[in-house]
Amino acid sequence: MAIIDELRTPLYFAAGTADLAVQQAKKVPGLIEQIAAEAPSRIEAVKKTDPKAVQEKAQAKFAELVGGLDTDLKKLGEQAQDLALRGVGVAAEYAVKAREKYEELAAHGEEAVKAWRGEAAEEITEIAIAVEPDPEPKAETQAEAEAEAEAEAKPARKTSARKAPAKKAAAVEGAEK
């Protein structure tokens with residue numbers, strides 16, 4: 001059964017991803033309308049900016065960055081090593097987050113597939129049946145059920161058997177006279 005579950009998880013992941021994509025795609029028309037409404041004001045803001053001032057500002061920032069670089073190679077080597085170690089830690093953290101998101105999407109996909117099939121309603125019914133107590137206890141085994149059926153059938157036979165002795169009693173009374 002574990003192999004089947006391992007095969008289902010990627011399929012549920014794909015279904016969950018597709019379901020989320022559909023949900024996000026439904027938001028696109030509203031975003032397009034919003035961008036279309038904001039576009040004229042943004043275009044005017046860009047037209048009003050001076051390209052020379054923007055270029056000078058960018059050059060000043062670049063000069064500041066270049067001037068601030070440390071030229072000591074030992075220090076740069078230590079910084080590179082430190083950055084590499086941080087990178088490994090960040091990569092491990094992202095791997096854990098990716099796995100968690102994968103499992104969340106797989107669970108979402110499983111729920112989406114159940115909803116598409118209508119199984120969610122069936123499960124709710126099954127849970128309700130499991131939670132509600134039975135009004136009358138059921139026979140636990142087939143043998144007990146058969147014993148109950150026989151017990152119900154026997155009184156019917158006994159009533160017919162009782163009629164026969166009553167006839168015999170009448171016959172005995174008639175013989176005594």
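So the values come out like this:
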item	result
Residue exposure sequence - LEU11, LEU65 - by fewest surrounding Cβ within 10 Å	LEU65, LEU11
Listed residue pairs exceeding 29 Å between alpha carbons, taken from LYS27/LYS97; LYS26/LYS114; LYS27/LYS61; LYS27/LYS57; LYS26/LYS101; LYS27/LYS114	LYS27/LYS61; LYS27/LYS57
Gyration tensor verdict on region 1-111 (Cα atoms; rounded if a/c is under 1.5, prolate if a/b is larger than b/c, oblate otherwise)	oblate
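Each reported figure results from applying straightforward, stated rules to the coordinates on display, with no laboratory input. None of these values were measured; they are calculated from a predicted model. Heads up, the Cβs are rebuilt from the backbone with ideal geometry, glycines too, and the neighbour counts pull from every protein chain shown.
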